[in-house]
Amino acid sequence: MSLIENRFFIVRITDPNTKPERHLLLLSRENVGNGNLQRAWEDALADRQVREAAVRLFSPEPDRRLVNLVKKTLDESAALLTSERIRESLSRIHRQLISQEGTAVSEPND
């Protein structure tokens with residue numbers, strides 16, 4: 001794993017949007033000792049890995065298995081959607097995921 005892959009969270013003390021007090025609290029002796037820091041790290045790592053897998057399913061063109069799964073899970077009112085229409089929709093969703101990726105701030109769980 002590279003240094004970037006090991007990064008847990010980024011905190012800027014001067015930027016309240018990064019929630020510095022919440023992140024720094026995780027580093028307290030109590031949270032380290034009772035495993036809260038470890039659990040938060042494991043959750044963040046799992047979330048990042050699942051997100052990366054989901055993004056791969058969407059790109060560069062949505063995986064055929066994902067298209068078929070979506071088609072199978074649609075209710076009757078949407079059952080008329082073609083595979084092509086689903087693929088186009090998944091491509092739009094993929095672009096949304098990618099655009100949000102750069103702005104997301106990793107937050108530890110409570």
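The values are calculated or read from the model by the stated rules, or taken from the named source; none is laboratory data. All values reported here derive from a predicted model rather than from experimental measurement. Here Cβ is always computed from backbone atoms with ideal geometry, including for glycine, and neighbour counts include all displayed protein chains.
Here is a yes/no grid of residues against (1) exposed (fewer than 13 other Cβ atoms within 10 Å of the Cβ); (2) among the acidic types (Asp, Glu); (3) farther than 20 Å from GLN100 by Cβ:
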{"site": "THR14", "(1), (2), (3)": "yes, no, yes"}
{"site": "THR18", "(1), (2), (3)": "no, no, no"}
{"site": "SER28", "(1), (2), (3)": "yes, no, yes"}
{"site": "VAL32", "(1), (2), (3)": "yes, no, yes"}
{"site": "TRP41", "(1), (2), (3)": "no, no, yes"}
{"site": "GLN49", "(1), (2), (3)": "yes, no, no"}
{"site": "VAL55", "(1), (2), (3)": "no, no, no"}
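Got a sec? Which of SER77, SER89 is modelled with pLDDT of 90 or more, among the hydroxyl-bearing types (Ser, Thr, Tyr) and either in the same structural domain as PHE9 (by TED's automatic domain parsing) or more than 15 Å from PHE8 (Cα to Cα) (or both)? Don't jump to the end; show me each part of the working.
Numbers: SER77 fails: modelled with pLDDT of 90 or more.
Selected residue: SER89, the only one of SER77, SER89 that is modelled with pLDDT of 90 or more, among the hydroxyl-bearing types (Ser, Thr, Tyr) and either in the same structural domain as PHE9 (by TED's automatic domain parsing) or more than 15 Å from PHE8 (Cα to Cα) (or both).
Contact map, the stretch 56-78: residues that are in contact (Cβ under 8 Å) with a residue 12 or more places away in the chain paired with residues that are of a type outside the set (A, V, I, L, M, F, W, C) and surrounded by fewer than 14 Cβ atoms within 10 Å (Cβ to Cβ), Cβ distance under 6 Å, separation 6+ or inter-chain. Pairs shown: VAL67/SER83.
When residues in the stretch 1-24 are screened for being part of a helix (DSSP H, G or I), of a type outside the set (Ser, Thr, Tyr), at pLDDT 80 or above and farther than 17 Å from GLN38 by Cα, 4 of them pass.
Within the set of pairs 6 or more residues apart or between chains, which connect a residue that is within 18 Å of TRP41 (Cβ to Cβ) inside the stretch 9-25 to a residue that is β-branched (Val, Ile, Thr) and modelled with pLDDT of 85 or more with Cβ atoms less than 9 Å apart? That search, which allows pairs on different chains as well, returns PRO20/ILE13; PRO20/THR14; LEU24/ILE13.
Return a yes/no flag: does the stretch 9-29 have any residue that is of a type in the set (S, T, N, Q) and closer than 30 Å to SER89 by Cβ. Show your work before the answer.
So in the stretch 9-29, the residues of a type in the set (S, T, N, Q) come out as 14, 17-18, 28.
Okay, now just the ones that are also closer than 30 Å to SER89 by Cβ, so none.
There is no residue in the stretch 9-29 that is of a type in the set (S, T, N, Q) and closer than 30 Å to SER89 by Cβ.
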